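What follows is a single structure, written as structure tokens, with notes after it.
Bear in mind that the values in this text are calculations on the coordinates, not laboratory data. Bear in mind that the values here come from a model prediction, so they are computed numbers and not experimental data. Note: ideal-geometry Cβ built from the backbone for every residue, glycine included; neighbour counts use all protein chains shown.
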Amino acid sequence: MKRRLMLVLWVLPLVLLMAGGCSAEIEEQVVASAEEKKPKQVQNEVRIPVIKDFMPRLNFVPSSDVKTHVVLHFSSNAVANPENPYVYEEIRQTFIDYEVSPHYMIDRNGEIYYLLPESRAARHAGKGDLLAFPEYKDHLNRYSIGIELMAIGTQEEMAPMMSAQHYKSIPQEYIGYTEAQYDALNRLLNDITARNKNINKDRKHIIGHDEYSPERKTDPGSLFDWSKIVSVN
């Protein structure tokens with residue numbers, strides 16, 4: 001009797017664990033099946049060469065059908081790896097760890113990484129507001145496409161993330177933006193504006209994260225040359 005009781009006590013947790021795993025798998029299958037049954041929509045897919053590497057589901061939320069803005073950001077892993085801050089896999093993992101993501105990321109050589117479909121609302125803008133669009137307050141994610149450029153701003157712009165001493169340990173060639181990035185960004189913006197009729201390639205529709213959320217954000221920062229992508233007159 002005692003031996004039988006011990007056997008039950010040992011087997012029961014294993015059964016529950018397996019059942020829990022099966023339940024999770026069944027739930028995922030049900031969700032996937034439900035999504036497959038939804039009416040198929042024509043995807044507004046990017047038409048230029050990109051490296052597709054979609055983020056996990058937790059990094060996006062439901063989106064508006066209409067995109068009206070593009071938000072530019074800078075990203076690096078300079079806090080953890082100042083001597084080599086632009087390792088794509090490390091930056092991507094940071095996005096996953098913090099449950100955020102852009103739609104696209106452009107590396108120092110101009111390679112464009114396609115991280116989320118534009119039909120999804122990427123978690124890239126957060127809280128903020130635009131004077132011309134008061135209804136977008138804290139909800140710009142739903143109406144915008146997020147683009148990260150691998151870059152590092154000025155010491156002042158990076159101060160919320162690192163000390164002055166840490167900043168000085170970053171090689172000078174890693175500060176600011178590259179011509180290859182501007183070329184790639186122009187190709188990407190031309191493609192986006194051609195497919196999204198509510199987004200014009202101008203300063204009203206192409207904005208910096210620091211314009212939407214100036215109290216929290218400093219990117220793309222003063223080292224970004226807006227004249228290389230839009231008219232600033």
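What does the convex hull of the alpha-carbon atoms of region 117-198 project to on average, in nm²? It would help to have the intermediate numbers written out before the result.
Values: hull surface 28.8 nm².
Average of the hull's projected areas for region 117-198 equals 7.2 nm².
Note the full-extension length gain between residue 83 and residue 138 as 0.36 nm times their separation in residues minus their Cα-Cα distance, in nm to one decimal.
Gain on stretching residue 83 to residue 138: 16.3 nm.
Would you mind ranking 135, 211 so that the residue whose beta carbon has the fewest other beta carbons within 10 Å leads the list? Working shown, then result.
Working: 135 8, 211 15.
The order, fewest Cβ neighbours first, is 135, 211.
Please report 73, 209, 139 as a ranked list, fewest other C-beta atoms within 10 angstrom at the top and most at the bottom.
By the 10 Å Cβ count, ascending: 139, 73, 209.
Taking the beta-carbon count within 10 Å as an exposure proxy, list 169, 101, 119 from fewest neighbours to most.
In increasing order of surrounding Cβ atoms, one gets 169, 119, 101.
Tell me the net charge near residue 157. Cut-off is 9 Å between Cβ atoms, residue 157 excluded, with +1 for each Lys or Arg and -1 for each Asp or Glu.
That works out to -3.
What residues from region 208-233 fall in the zone where the backbone N is under 16 Å from a label point 7 Å along the Cα-to-C-beta line of residue 190?
228-231
Sorting check: for 82-91, 174-183, which peptide has the highest mean count of neighbouring beta carbons within 10 Å, and how do the rest follow?
Numbers: 82-91: 15.2, 174-183: 17.0.
My ranking of the peptides, most packed first, is 174-183, 82-91.
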